[in-house]
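A.B. asks: One structure, pasted below without further comment.
The values are calculated or read from the model by the stated rules, or taken from the named source; none is laboratory data. All figures in this text were calculated on a predicted structure; none of them were measured in a lab. Every residue, glycine as well, gets a Cβ built from its backbone with ideal geometry; the counts of neighbours run over all protein chains shown. Quick note on the areas: whole protein, heavy atoms, side chains included, nothing else; ligands and nucleic acids left out. Shrake-Rupley method; radii C 1.70, N 1.55, O 1.52, S 1.80 Å.
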Amino acid sequence: MSRTLNRRTFLAASGGATFAATAPARAAVAAPDVTVRSAAVDDPTEATIAEALTLLRAGRLTATDLVQAHVDRIGAFESVYQAFNTVTADAALAKAAEVDARGDVHRALSGIPLCIKDNYWTAGVPTTANSTIFADFVPDTDATAVARLTAAGGIVLGKGQMGPLATTRATTPAGVVTTVNAWTPQDPSVDPGGSSTGPATAVAGRLATSSIGTQTGGSITEPSRQQNLTGLKPTMGRTSIHGIIPLSFTRDHSGPLARDAVDAAIMTSVLAGPDPLDPRTLGLPEVPDLVTAATPVHGVKGVELRRATAIGVPADFFAGVGAEVAAARQAFLDRMAAVPGVTLVDVQYPADWELLTGTFNAIRLSERTEPFRHWLREDLSLFGVSSLSWLQGLLLSGDEWITGQRAKTWLLQELFAGLFTRVDVVLQTSPVPFDILGLPEIAFPIGEAPAAEGGPLAPVGVIVGGQPYEEDRLLEVAAAHQAVSDFHTRRPADPSGVRTLGAGTLRLDAETVAQATN
């Protein structure tokens, strides 16, 4: 399908309209057999989805053993990581036993233990969005995303901890920091990313094989690049948000936080496609073969890109970072420049880029406020540490909202008529501009640097933004880099000691949350 048609469809959908036609029925996702690393053979919690499925199909691993290994790690380390809001170990083991009894190992996610962010509806399991408002909410149905994952054989290990109502990093509703970065578990001050930090830490800390999160301002890509994961935030509408407690209807996205490009492709392939319960998903271009896109191409001269791709390098790519991060970014560019099919192009963002993105980003506040007006009128204290950001939405005027929409239209025009006439994808220093426009992004690891001065090494990641419905091209770029590097295979050391909430624990205040909120 041509990019012109992709863009026309995208603009129509982002404006609130959809086509009447729906995409044809999709074939079942086929997860590939892969060469399994020795670390994954020795410890199944090390395995990627593809590695675990390869072992299951070969009879070298059972679903029960796979799930039990993760349950054991939850028992050993969850008190430190605090990655989960709810753990459903008994139900997960029962599902694993059913997989083994049926020999059902040929679906895309057969027996794979997953962490689900706690704003996705899960039938019979509390869905709180880590908030006082939904503290007692137990849905009787699954969100579309959850239903698709379990229909593909996935097993829910539990609900991932998150920022209260998805507004900040994971804390209690009162602002006490809970989930830590799995690479620096003894230092809660190190940011683990955005509101999907529980799902990210669960995968990074080997408490789950993969996970799903939501993104409205960076909460899939930020936790992924800070915790050595591959996070794919699809184009708006590519995956359903039905059954997700909302933050912003025109900006909420669902997507995976995975261990590598192949796993992100498998998860997204299962999640993607039309959903009659989410009109944003209807009438869109057919989902491409994402798993093939995420499979590296080996030519006569080594790894090469599946399609010739021009990668835009913005002028600020090295701005505002320390020497170690800058060195990791330069090494990444050097590796990519050596891959046949890659062209690096220096680019400038359109004029007034920061002003326009800031203007448009501000109007998200009114969208988050609208469905919660009842509770805002009833009791503002229900919103805990994020109360100021909800109040800001009430104070936004109609003319400010219209100005923001104009800024969005101008930004898209500038991108499609300018930047994207020269390049296929763009490196980003922040997830916000492409994220708020509904364009796809992928984050993946490119190196390591100290998380704080004199501190231990932590992952360095990069975010690449693409054009509407071109998740496959983003995966091609990530796959090529992962074929010439090994950062995505690295796992953090197990934490030592026990961490508990109590006196002296790091706490965020309402003003800090309002300034940094998603």
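A.B. asks: On the basis of being part of a loop (DSSP other than H, G, I, E, B), crowded, with 24+ Cβ neighbours inside 10 Å and not hydrophobic (A, V, I, L, M, F, W, C), does PRO192 make the cut?
C.D. replies: Yes; evaluated as a whole, the condition is true for this residue.
A.B. asks: Which count do you get for residues in region 307-339 that are open to solvent by 20 Å² or more (accessible area, probe 1.4 Å) and either hydrophobic (A, V, I, L, M, F, W, C) or within 21 Å of PHE420 (Cα to Cα) (or both)?
C.D. replies: Residues flagged as open to solvent by 20 Å² or more (accessible area, probe 1.4 Å) and either hydrophobic (A, V, I, L, M, F, W, C) or within 21 Å of PHE420 (Cα to Cα) (or both) within region 307-339 amount to 14.
A.B. asks: Any residue in region 217-230 that is touching a helix residue (DSSP H, G or I) at 6+ places or on another chain (Cβ under 8 Å), modelled with pLDDT of 95 or more, in a strand (DSSP E or B) and among the hydroxyl-bearing types (Ser, Thr, Tyr)?
C.D. replies: yes
A.B. asks: Another question about this same structure. Tell me whether region 167-176 contains one or more residues that are touching a residue at least 24 places away in the same chain (Cβ under 8 Å) and under 28 Å from ASP275 (Cα atoms).
C.D. replies: Yes: one or more hits.
A.B. asks: On the given criteria, is GLY465 surrounded by fewer than 22 Cβ atoms within 10 Å (Cβ to Cβ), small (Gly, Ala, Ser) and within 20 Å of ALA480 (Cα to Cα)?
C.D. replies: So GLY465 fails the test.
A.B. asks: Of GLY273, GLY283, GLY299, which residue is at negative phi and among the small types (Gly, Ala, Ser)?
C.D. replies: GLY299
A.B. asks: Same structure again: In region 449-460, is there at least one residue being in contact (Cβ under 8 Å) with a residue 60 or more places away in the chain, of a type outside the set (A, V, I, L, M, F, W, C) and either crowded, with 18+ Cβ neighbours inside 10 Å or in contact with a Leu (Cβ under 9 Å, 6 or more places away or on another chain) (or both)?
C.D. replies: yes
A.B. asks: While we're here: Need pairs with beta-carbon distance below 6 Å; first residue over 16 Å from VAL297 (Cα atoms) and within region 315-341, second open to solvent by less than 50 Å² (accessible area, probe 1.4 Å) and of a type in the set (Ser, Thr, Tyr); sequence gap 6+ or separate chains.
C.D. replies: Between residues of region 315-341 that are over 16 Å from VAL297 (Cα atoms) and residues that are open to solvent by less than 50 Å² (accessible area, probe 1.4 Å) and of a type in the set (Ser, Thr, Tyr), the close pairs are ASP316/THR429.
A.B. asks: Can you name every residue in region 129-146 that is touching a residue at least 40 places away in the same chain (Cβ under 8 Å) and within 29 Å of ILE266 (Cβ to Cβ)?
C.D. replies: ALA129, ASN130, PRO139, THR141, ASP142, ALA143, THR144, ALA145, VAL146
A.B. asks: Looking at region 348-378 only, could you name the residues that are crowded, with 19+ Cβ neighbours inside 10 Å, outside any helix (DSSP H, G or I) and touching a residue at least 60 places away in the same chain (Cβ under 8 Å)?
C.D. replies: TYR349
A.B. asks: Within region 240-306, considering only strands (runs of 3 or more DSSP E) that don't extend past its boundaries, which have at least 3 residues that are open to solvent by 10 Å² or more (accessible area, probe 1.4 Å) and not charged (D, E, K, R)?
C.D. replies: Because the criterion is at least 3 residues that are open to solvent by 10 Å² or more (accessible area, probe 1.4 Å) and not charged (D, E, K, R), the strands (runs of 3 or more DSSP E) in region 240-306 that meet it are 297-299.
A.B. asks: If you go through region 385-407 one residue at a time, how many are assigned to a helix (DSSP H, G or I) and open to solvent by 30 Å² or more (accessible area, probe 1.4 Å)?
C.D. replies: 13
A.B. asks: Might you check whether a residue that is under 23 Å from ALA258 (Cα atoms), part of a helix (DSSP H, G or I), in contact with a Leu (Cβ under 8 Å, 6 or more places away or on another chain) and of a type in the set (S, T, N, Q) occurs anywhere in region 56-71?
C.D. replies: Yes, that holds for at least one residue.
A.B. asks: Please go through region 134-154 and give me each residue that is surrounded by 24 or more Cβ atoms within 10 Å (Cβ to Cβ), of a type outside the set (A, V, I, L, M) and part of a loop (DSSP other than H, G, I, E, B), ordered by number.
C.D. replies: Once the filter is applied, which keeps residues that are surrounded by 24 or more Cβ atoms within 10 Å (Cβ to Cβ), of a type outside the set (A, V, I, L, M) and part of a loop (DSSP other than H, G, I, E, B), region 134-154 yields only GLY154.
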